[in-house]
Ligand code: ATP
């Protein structure tokens, strides 16, 4: 009975010139952002970049210093949280420990004055969506971390929000469970006609789950795009370094080859070692070799002092890995070079 989620051209959330200051700190600095209806949108950035503040502004927990926020075409800039068609899943889940799962999930309906029978039906349906209906009489402390997470999601979904805001919801889980929940959450989102706005500082998580990612730094949106666009075409040094591993070269590293004065980036998987005749190459010395099975990570200190990481794919490179201290050539193809704008 699940609907298949469709990302549409209609705009779920529209923010224009939004500023939020806390005293001297500008947490959000003139943000323009359109989030499409039905998409899984992630806000990615380092600690303090303003992601949570943007989420709180959308939810109505904070009011902007200036600017406007629309939800589904309606100006909600100064509306209270309960007047907005959004709900939030917080990192600590905020479940009531003394209540059963059913009562936890039904709580939002009770405060909205929904009658007992309908409350129970809707709470059971929401628990069913996250595959926890059979456990509805348990208390939160009788669940695993991942199950508690799902209860928090069911509780947010039960009031049928158009937008679900999720603030680092997987942050408390260990790596394995976190990776499993990433897939589950993405599948759940796909099956519901709901826009997800997801805050994370984990670039791999954002790449795995999102239809589009907004990368934040210092209160500003620095790049917006699909995971592929963000990874393959970072628009500056910040995004190149923050999303995935990048080797940022400055033109003076290779100025006999490139006449450009700005920087370029090459991903570890686009560098090769040991091809001394390659037209695009620099020389250095191996400083670390980490065999990973499917690939080998090789760290090279270039002759000008910069460090680069090369990911050597075991399937294509059947020769023995180099050893620490070996002089080595690092080479690449022009097609893989990503030019970065200045110091951005
Ligand atoms: P994290 O990943 O650590 O949660 P974030 O990207 O979500 O970081 P925000 O929590 O939005 O960042 O914070 C952005 C900036 O605004 C930070 O400098 C923070 O200290 C500041 N800030 C946020 N909330 C408040 C507040 N209530 N009072 C004062 N300063 C605040």
Query raised in the report: Any idea how many residues of region 112-143 are under 24 Å from the mean Cα position of the chain (by Cα) and within 16 Å of residue 95 (Cα to Cα)?
Result: 1
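Based on this model, can you work out whether residue 190 counts as at pLDDT below 90 and either within 16 Å of residue 130 (Cβ to Cβ) or in contact with a helix residue (DSSP H, G or I) (Cβ under 7 Å, 6 or more places away or on another chain) (or both)?
Values: at pLDDT below 90: yes; either within 16 Å of residue 130 (Cβ to Cβ) or in contact with a helix residue (DSSP H, G or I) (Cβ under 7 Å, 6 or more places away or on another chain) (or both): yes.
When the stated conditions are applied, residue 190 passes them.
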Query raised in the report: Within region 246-289, which residues are at pLDDT 90 or above and assigned to a loop (DSSP other than H, G, I, E, B)?
Result: 267, 271
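Looking only at region 316-334, how many residues end up being modelled with pLDDT under 90 and outside any loop (DSSP other than H, G, I, E, B)?
First pass over region 316-334, keeping only residues modelled with pLDDT under 90: 316-321, 334.
Remaining after also requiring outside any loop (DSSP other than H, G, I, E, B): 334.
Looking only at that region, the number is 1.
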Query raised in the report: Does at least one position in region 101-113 carry a residue that is assigned to a loop (DSSP other than H, G, I, E, B) and away from the ligand (no atom under 16 Å from the Cβ)?
Result: yes
Report task. Would you check which residues across region 72-85 are out of contact with any helix residue (DSSP H, G or I) (no Cβ under 8 Å at 6 or more places or on another chain) and either surrounded by 14 or more Cβ atoms within 10 Å (Cβ to Cβ) or in a loop (DSSP other than H, G, I, E, B) (or both) and list them? Result -> 72, 73, 77, 78, 79, 80, 85
Query raised in the report: When both residues are 6+ apart or on different chains and their Cβ atoms are under 7 Å apart, which pairs have a first residue that lies in region 53-69 and is closer than 10 Å to residue 28 by Cα and assigned by TED's automatic domain parsing to the domain that holds residue 35, and a second that is in a helix (DSSP H, G or I) and within 12 Å of the ligand (Cβ to nearest atom)?
Result: 64/57
Query raised in the report: Counting just the residues of region 205-231 that are part of a strand (DSSP E or B) and under 11 Å from the mean Cα position of the chain (by Cα), which one comes out nearest to the ligand (Cβ to nearest atom)?
Result: 216
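Of all the residues that make up region 56-66, how many are within 8 Å of the ligand (Cβ to nearest atom) and touching a helix residue (DSSP H, G or I) at 6+ places or on another chain (Cβ under 9 Å)?
Within region 56-66, the subset within 8 Å of the ligand (Cβ to nearest atom) is 56, 62.
Among the residues that remain, those that are also touching a helix residue (DSSP H, G or I) at 6+ places or on another chain (Cβ under 9 Å) are: 62.
Qualifying residue count for the region: 1.
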Requested in this report: Return the total of residues in region 43-55 being within 6 Å of the ligand (Cβ to nearest atom) and within 11 Å of residue 198 (Cα to Cα).
Outcome: 2
Requested in this report: Go through region 21-42 and give me each residue that's within 8 Å of the ligand (Cβ to nearest atom) and surrounded by 21 or more Cβ atoms within 10 Å (Cβ to Cβ).
Outcome: 27, 28
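Residues 189, 149: which one is out of contact with any strand residue (DSSP E or B) (no Cβ under 7 Å at 6 or more places or on another chain), part of a helix (DSSP H, G or I), within 18 Å of residue 88 (Cα to Cα) and assigned by TED's automatic domain parsing to the domain that holds residue 217?
It is 149.
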Requested in this report: Show the residue pairs that are 6+ apart or on different chains and have beta-carbon atoms under 8 Å apart, the first residue being within region 109-121 and closer than 18 Å to residue 132 by Cα, the second being assigned to a helix (DSSP H, G or I).
Outcome: 119/106; 119/109; 119/110; 120/102; 120/106
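It is to be established whether one or more residues within region 91-98 are under 30 Å from residue 139 (Cβ atoms) and within 16 Å of the ligand (Cβ to nearest atom). First the steps, then the outcome.
Going residue by residue through region 91-98, those that are under 30 Å from residue 139 (Cβ atoms) are 91-98.
When the remaining residues are screened for being within 16 Å of the ligand (Cβ to nearest atom), the result is 91-92.
Checked against the condition, which is being under 30 Å from residue 139 (Cβ atoms) and within 16 Å of the ligand (Cβ to nearest atom), region 91-98 yields at least one hit.
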Query raised in the report: Which is in contact (Cβ under 8 Å) with a residue 60 or more places away in the chain and loosely packed, with under 13 Cβ neighbours inside 10 Å, of 323, 341, 331?
Result: 341
Report task. Identify, from the list 169, 161, 234, the residue that is part of a loop (DSSP other than H, G, I, E, B), within 16 Å of the ligand (Cβ to nearest atom), surrounded by 15 or more Cβ atoms within 10 Å (Cβ to Cβ) and in contact (Cβ under 8 Å) with a residue 40 or more places away in the chain. Result -> 169
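Can you find, within region 195-204, the residue that is nearest to the ligand (Cβ to nearest atom) among those that are farther than 13 Å from residue 167 by Cα and within 8 Å of the chain's Cα centre (by Cα)? Lay out the reasoning, then the answer.
Taking region 195-204 first, the residues farther than 13 Å from residue 167 by Cα are 195, 203-204.
Filter again for within 8 Å of the chain's Cα centre (by Cα), leaving 203-204.
Details: 203: 13, 204: 15 Å.
Looking at the filtered set, the residue picked out is 203.
The values are calculated or read from the model by the stated rules, or taken from the named source; none is laboratory data. Given the structure is predicted, the values throughout are model-derived calculations rather than measurements. Methodologically, a virtual Cβ is constructed for each residue, glycine included, from the backbone with ideal geometry; neighbour enumeration extends over all protein chains shown.
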